[in-house]
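Q: Below you'll find the structure I mean.
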Amino acid sequence: MNDRGYYDLHLHVLPGVDDGARTVEAGVEMLRGLHDLGYRHFVATPHCDDQRWPNDQATLVEAHRRLLEAIDGCGLEVEVLLGAEYTYGPRFHAHVTEKRAMTLASSRYLLVELPEAFMPATMPQTLFDVGGHGYYPVLAHPERCKPFHDDVSRLADLANGRALVQVSFRSLAGTFGRTIKKTAWRLVTDEIADLVATDCHDPRELRKVVRPVLLALQSRLDPDHLDRLMHRFPARMIHPPTA
Ligand SMILES: [Fe+2]
């Protein structure tokens, strides 16, 4: 396996468990396309929320197993580990306080998307409390949160020492409009973003979203910055060096 390969710590590739890949074949197609673009390591992050996708370990393990079996069957050289993308809400709080949250590849890192319309004043304390339960939050596409659009330093202040900032390819591509696209690029170029992730839901996004954004990142960022965002930093999160 190419050890300099890119890491993607946020994509919806498990079959039939959320609004991502509908079938194993669609999941494999996504992984094959990402492999061809230089990715080798993935953490599958199905939605986990209170209404539409009340997933937990039990609902995801079988879908993960089926995908791994298909990858093996076609000889695709990729690593696909299991995680989840929590929506901020009661299920998230319950899993955290009961210490049974599904982290990224069994690390201490916990992917969570914050409310987009407003930011509760208690959020800094909440993130701190999540840390108190042994988890380190990773904020999924915070560029979509309105309170940060006028002033990205508010996000930097919120995340400082409490959470990591993960910007999504879909935002960088303009899928959610110009304001979110501008905020997303600002977070990357101002080096507030710790990570970038595809948040890929469908094989069709490979051509429309992932490839053009990857080319833009490769041309706009210096190689060391890109390597830190897409290889070094995520690699240390998922595969920390052993003493
Ligand atoms: Fe997502």
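Q: Before anything else, pin down the relative contact order of the chain: Cα pairs under 8 Å, at least 6 apart, normalised by residue count, whole percent.
A: Values: 431 pairs, mean separation 47.6, N = 243.
RCO, the chain: 20 percent.
Q: Can you work out the Karplus-derived ³J(HN,Hα) for every residue in segment 68-81? Use 6.51 cos²θ - 1.76 cosθ + 1.60 with θ = phi - 60°, whole Hz, and x for glycine or proline.
A: For segment 68-81, the Karplus-derived couplings read 4, 4, 5, 4, 4, x, 10, x, 6, 8, 9, 9, 10, 9 Hz, x marking Gly and Pro.
Q: Normalised by the number of residues in segment 1-133, what is the relative contact order in percent for Cα pairs under 8 Å and 6+ residues apart? Could you put the intermediate results ahead of the total?
A: Details: 204 pairs, mean separation 30.2, N = 133.
Computed value for segment 1-133: 23 percent relative contact order.
Q: So how do 142-152, 122-132 stack up, highest first, on mean other-Cβ count within 10 Å? Provide the component values of the computation, followed by the final result.
A: Details: 142-152: 19.5, 122-132: 15.3.
So the order, starting with the most tightly packed, is 142-152, 122-132.
Q: Then there is this: Would you list which lysines come within 24 Å of LYS208, measuring only between C-alpha atoms, while excluding same-chain residues fewer than 8 positions from it?
A: Once the sequence-local lysines are set aside, what remains near LYS208 is LYS181, LYS182.
Rule-based calculations on the coordinates, nothing more; no lab input. Fair warning: this is a prediction, and the values are worked out from it, not measured in the lab. Positions of Cβ are backbone-derived with ideal geometry, glycine not excepted, and every protein chain shown enters the neighbour counts.
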